[in-house]
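Just below is one structure, and these are the notes that go with it.
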Amino acid sequence: MKLDSKYFDSIRTRSSEAKPVAPRHAPCDWPGCESAGEFRAPQGRGRDGKYFHFCLAHVREYNNTYNYFSGMSDAEVAAFQKSALTGHRPTWAMGARVAGDDPAERLKAAAGQFSEQDPFDLFPRGAGSGKPADDPARKPIGKLARKSLADLHLEPGATKVEIKAQFKLLVKRHHPDANGGDKGSEDRLREIIQAYNYLKQAGLC
């Protein structure tokens, strides 16, 4: 057949492009519902990244009753929200020295991990005994740790057991339910929780 033939232009071929297939959704996770679960809904605190799949009617009903902080006290919610401002990472004031941040203290700690034989005199004399310091009272304590202990009415040499016991006592004493919703008591409770969380992150309790 000639390419300039009038019959050549009249030839029609079937398109090779496949028609788009509508996505298939899993059934709705709502008990007794057989509709397609087209909409995702978070499963809740502690199961981040996991979702339910609901139809439109049931995802609306689920969202109306969803509460991420369900089961948490007011003090725990306040502490969580305050910690969320920094991505749940520890913070400290500008210029405050963190426990163990002193170069001399780090040198002493390193010396304790090696033998007492020091032919090149790299470590201070008598810096370490070769045993790790597992007693919290003997660890170097920075200014922020001292302040946190002071907020709990404790001395720098307090043990882990003493810190935990004092924390529980102060939480009960300053809880809003025990003080008729007193605003000053709530502020004091926030300080106690923040101090305890720092001591826990610093490995002191």
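The values are calculated or read from the model by the stated rules, or taken from the named source; none is laboratory data. Only a predicted model underlies this, so the values are computations on that prediction, with no experimental measurement involved. Glycine gets a Cβ as well: all are built from the backbone with ideal geometry, and neighbour counts include every protein chain shown.
The table for this structure:
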item: Selected residue (criterion: modelled with the highest pLDDT) from residues of segment 1-29 that are more than 18 Å from Asn64 (Cβ to Cβ) and surrounded by 10 or more Cβ atoms within 10 Å (Cβ to Cβ); result: Pro27
item: Close pairs from segment 166-188: first in a helix (DSSP H, G or I), partner of a type in the set (Val, Ile, Thr), Cβ under 6 Å, at least 6 apart; result: Leu170/Ile192
item: Condition check for Phe80: in a loop (DSSP other than H, G, I, E, B), surrounded by 12 or more Cβ atoms within 10 Å (Cβ to Cβ) and either assigned by TED's automatic domain parsing to the domain that holds Ala195 or modelled with pLDDT under 90 (or both); result: no
item: All positions within segment 62-77 that are surrounded by 14 or more Cβ atoms within 10 Å (Cβ to Cβ) and assigned to a helix (DSSP H, G or I); result: Tyr62, Asp74, Ala75
item: Yes/no for His153 being at pLDDT 55 or above, in contact with a Ser or Thr (Cβ under 6 Å, 6 or more places away or on another chain) and not aliphatic (A, V, I, L, M); result: no
item: Members of segment 40-56 that are part of a loop (DSSP other than H, G, I, E, B) and under 15 Å from Tyr68 (Cα atoms); result: Gln43, Gly44, Arg45, Gly46, Arg47, Asp48, Gly49, Lys50
item: Residue among Gly44, Gly32 that is surrounded by fewer than 12 Cβ atoms within 10 Å (Cβ to Cβ), on the phi > 0 side of the Ramachandran plot and of a type outside the set (Ser, Thr, Tyr); result: Gly32
item: Any hit, segment 172-184, residues being at pLDDT 60 or above, of a type in the set (Asp, Glu) and at positive phi; result: no
